[in-house]
């Protein structure tokens, strides 16, 4: 229930989850079609026992300027082929808005890029605070073997989400496991901004 007065909430040290939330949703692998390079592995996993890739726990606030939307995301450990489980990723609909993440548990990466094609990848470990500037699309990736990556997030109430741009071609970089190590590689589906409409 949305409150109109100052409030607190607690995050469990044991689970990494908030003690209250207004909205909970989960994204399964089928909602990420086209985002993983190994489509055969993805289809096989969907047919066998479709996994939950991540969950989000939100505390409801008005989606207007001046408010801060916030909550906790939980990215599960696992891989599709050699690619680690990840979030769908998005630009903000209001492109000139930023976001802050605080890592509560696990290890992973945030893959980011601008509409112009600049890219950046930052590491997550417990206690890491990440500032995602305006104009940067962002996607969380869990590179841990058997532990959830749990992130507290805060962003402007009027930011919105643009998933469609990412659904077309994914991010410029992929995070994979190769020879037992985490690697950042080029996404073969990605097209540079200057060539997208040629």
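The residues of the range 106-151 that are surrounded by fewer than 20 Cβ atoms within 10 Å (Cβ to Cβ) and in a strand (DSSP E or B), listed by number, are 119, 120, 121, 122, 123, 129, 130, 131. Checked against (1) touching a residue at least 40 places away in the same chain (Cβ under 8 Å); (2) farther than 24 Å from residue 24 by Cβ; (3) surrounded by fewer than 22 Cβ atoms within 10 Å (Cβ to Cβ); (4) touching a strand residue (DSSP E or B) at 6+ places or on another chain (Cβ under 8 Å), residue 93 passes all but condition (2). Residue 77 versus (1) closer than 19 Å to residue 125 by Cα; (2) in contact with a strand residue (DSSP E or B) (Cβ under 7 Å, 6 or more places away or on another chain); (3) free of Cβ contacts under 8 Å to residues at least 40 places away in the same chain: which is the lone unmet condition? With (1) closer than 19 Å to residue 125 by Cα; (2) in contact with a strand residue (DSSP E or B) (Cβ under 7 Å, 6 or more places away or on another chain); (3) free of Cβ contacts under 8 Å to residues at least 40 places away in the same chain applied to residue 77, the lone miss is (3). Under the condition of being over 12 Å from residue 79 (Cα atoms) and touching a residue at least 24 places away in the same chain (Cβ under 8 Å), which residue from the range 25-39 is surrounded by the most Cβ atoms within 10 Å (Cβ to Cβ)? Going through the qualifying residues, I end up with 35. Does the range 156-166 include one or more residues that are buried (at least 20 other Cβ atoms within 10 Å of the Cβ), more than 13 Å from the chain's Cα centre (by Cα) and not in a loop (DSSP other than H, G, I, E, B)? Checked the range 156-166: at least one residue is buried (at least 20 other Cβ atoms within 10 Å of the Cβ), more than 13 Å from the chain's Cα centre (by Cα) and not in a loop (DSSP other than H, G, I, E, B).
Note on the range 78-88: residues that are part of a loop (DSSP other than H, G, I, E, B) and within 13 Å of the chain's Cα centre (by Cα) total 3.
In the set (1) surrounded by 13 or more Cβ atoms within 10 Å (Cβ to Cβ); (2) more than 13 Å from the chain's Cα centre (by Cα), residue 179 fails one condition alone, (1).
Quick note: the coordinates plus some simple rules give every number you see, no bench work behind them. Computed from a prediction, not measured in an experiment: that's the story for all the values here. All Cβ positions, even for glycine, are placed from backbone atoms using ideal geometry, and neighbour counts span all protein chains on display.
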